[in-house]
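Report on the structure given below.
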Amino acid sequence: MMHPLNGVRIVEMAGIGPGPFCGMMLADHGAEVMYCHRPGAAPDPRDPLLRGRRPVEIDLKSPEGVARIRELTAQADGLFEGFRPGVMERLGLGPDVLCADNPRLVFGRMTGWGQTGPLANAAGHDINYIALSGALHAFGRAGGKPTPPVNAVGDFGGGGMMMAFAMVSGILGARASGLGTVIDCAMTEGSALLMNMVWGFRETLGWVDDRGVNLLDTGAHFYDTFETADGKHIALGAIEPQFYALFREVVGIADDPAFDAQMDRTAWPDLKQRLDTLFLTRTRDEWCSLLEGTDACFAPVLSMSEAPDHPHNAARGSFIERAGVVQPGPAPRFDPPPATE
């Protein structure tokens, strides 16, 4: 089966979190990714982030190991690493060396703070990067403290996925120009970029910096999660007027004038309390029977153990099993175009 990145060769310097996620994305779509790890630290086949690689054991503290990396990158399209700034240079494997060996090489560098700036050499994790970028401040309930969305926004959205995009972009550019590039992928900037729509909303929709009082941050009664009679939860996102009207009709509140003022922010707290009470009258499955598959913009809130068995996910094969571990499959999908005469 042909994949979009068939024929692309990448050297991955082993790391944790966002680096392996980037390597997984590239490998999922056909790139040959050589996972260069220290002796005795071979990838665990049960780890979804490490699927699809070719492990290469290398001792970077030895001249032989350094020479091996140079040999691999001389024949590669790209290399990416997630060390602190300066580590690759101290190993004798900085971009000045490797790009001299291979002028077409795309050298990807991913860190939390970026390669330059006052914090460049400080330790940190996802929570710190999204705090500095302005993203973390937006996540949480009204009156509550900021709530980290696990490490999806900094490590994976603003880091690993951004780096995968940058690597492919750099390789396309190198193939056109014959010259590679050095990528400075900072999770602070990547996570800030993910919030660009909200930055726009500050100007166009009156988004304010208080948590839990805006359209998409659980402030609105029509965009939130609600508990059901069996202690489970559902998610509602009926933003557009036609979807909101359908929701009201299906759940039996179409004739309640209180819900007419959909975009009246002053009414949101009261309307949310009313929906809290309403959704507690049925179980999650009963609400699914009534609303799922309609244009009310509704879905059950599924646990990780439940999600693979949902009929929609099962029909699409959204989850796969590798080494006995159930995990999300490669995404997005690429289908061959229809045959033409």
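The values are calculated or read from the model by the stated rules, or taken from the named source; none is laboratory data. These numbers were taken from a predicted model, which means no experiment stands behind them. Cβ sites come from the backbone with ideal geometry, for glycine too, and all protein chains shown count toward neighbours.
Determine, yes or no, whether Thr281 is among the hydroxyl-bearing types (Ser, Thr, Tyr), at pLDDT 95 or above, farther than 15 Å from Lys232 by Cα and more than 30 Å from the chain's Cα centre (by Cα).
No: the conditions fail for Thr281.
With respect to Ala174, determine if the residue is part of a loop (DSSP other than H, G, I, E, B), farther than 22 Å from Asn196 by Cα, of a type in the set (A, V, I, L, M) and modelled with pLDDT of 95 or more.
Answer is no for this residue.
Residues are listed down the side, and each one gets a yes or a no for (1) touching a helix residue (DSSP H, G or I) at 6+ places or on another chain (Cβ under 8 Å); (2) surrounded by 17 or more Cβ atoms within 10 Å (Cβ to Cβ); (3) hydrophobic (A, V, I, L, M, F, W, C):
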| residue | (1), (2), (3) |
| --- | --- |
| Asn196 | no, no, no |
| Gly200 | no, no, no |
| Asn214 | yes, yes, no |
| Phe247 | yes, yes, yes |
| Asp260 | no, no, no |
| Thr266 | no, no, no |
| Leu271 | yes, yes, yes |
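Inspect all residues belonging to the range 286-306 and state whether any of them is out of contact with any Ser or Thr (no Cβ under 6 Å at 6 or more places or on another chain), of a type in the set (Ser, Thr, Tyr) and within 30 Å of Asn196 (Cβ to Cβ).
No, every residue in the range 286-306 fails to be out of contact with any Ser or Thr (no Cβ under 6 Å at 6 or more places or on another chain), of a type in the set (Ser, Thr, Tyr) and within 30 Å of Asn196 (Cβ to Cβ).
Taking Lys272 and the conditions (1) assigned to a helix (DSSP H, G or I); (2) of a type outside the set (Val, Ile, Thr); (3) touching a strand residue (DSSP E or B) at 6+ places or on another chain (Cβ under 7 Å); (4) free of Cβ contacts under 8 Å to residues at least 40 places away in the same chain, which numbered condition does it fall short on, given that it satisfies the others?
Only one criterion in (1) assigned to a helix (DSSP H, G or I); (2) of a type outside the set (Val, Ile, Thr); (3) touching a strand residue (DSSP E or B) at 6+ places or on another chain (Cβ under 7 Å); (4) free of Cβ contacts under 8 Å to residues at least 40 places away in the same chain is unmet by Lys272, namely (4).
Of all residues in the range 14-53 being over 24 Å from the mean Cα position of the chain (by Cα) and more than 16 Å from Glu81 (Cβ to Cβ), which is modelled with the lowest pLDDT?
Among those that are over 24 Å from the mean Cα position of the chain (by Cα) and more than 16 Å from Glu81 (Cβ to Cβ), it is Ala42.
Would you confirm, using the coordinates I've provided, whether Ala258 is closer than 28 Å to His137 by Cβ, in a helix (DSSP H, G or I) and either of a type in the set (A, V, I, L, M) or in contact with a Pro (Cβ under 9 Å, 6 or more places away or on another chain) (or both)?
no
Which condition number in (1) buried (at least 19 other Cβ atoms within 10 Å of the Cβ); (2) assigned to a loop (DSSP other than H, G, I, E, B) is the one that Arg109 fails?
That leaves (2) as the condition not met.
Of the conditions (1) modelled with pLDDT of 95 or more; (2) closer than 29 Å to Lys145 by Cβ, Ala164 satisfies every one except a single condition; which number is it?
(2)
(1) outside any helix (DSSP H, G or I); (2) in contact with a Gly (Cβ under 6 Å, 6 or more places away or on another chain): which one isn't true of Gly158, the others all being true?
Among (1) outside any helix (DSSP H, G or I); (2) in contact with a Gly (Cβ under 6 Å, 6 or more places away or on another chain), the lone unmet condition for Gly158 is (1).
Based on this model, can you work out whether Arg333 counts as surrounded by fewer than 16 Cβ atoms within 10 Å (Cβ to Cβ), outside the structural domain of Gly140 (by TED's automatic domain parsing) and at pLDDT below 95?
Against the criterion (surrounded by fewer than 16 Cβ atoms within 10 Å (Cβ to Cβ), outside the structural domain of Gly140 (by TED's automatic domain parsing) and at pLDDT below 95), Arg333 qualifies.
Filter the range 3-23 for residues that are within 20 Å of Gly329 (Cβ to Cβ), surrounded by 14 or more Cβ atoms within 10 Å (Cβ to Cβ) and free of Cβ contacts under 8 Å to residues at least 60 places away in the same chain and give the result.
Once the filter is applied, which keeps residues that are within 20 Å of Gly329 (Cβ to Cβ), surrounded by 14 or more Cβ atoms within 10 Å (Cβ to Cβ) and free of Cβ contacts under 8 Å to residues at least 60 places away in the same chain, the range 3-23 yields only Gly23.
Kindly list, by first and then second residue, each pair from a residue in the range 99-127 that is within 15 Å of Asp155 (Cα to Cα) to a residue that is basic (Lys, Arg) and surrounded by fewer than 19 Cβ atoms within 10 Å (Cβ to Cβ), limited to pairs with Cβ atoms under 8 Å and residues at least 6 apart or on different chains.
From residues that are within 15 Å of Asp155 (Cα to Cα), the pairs are Thr111/Arg84.
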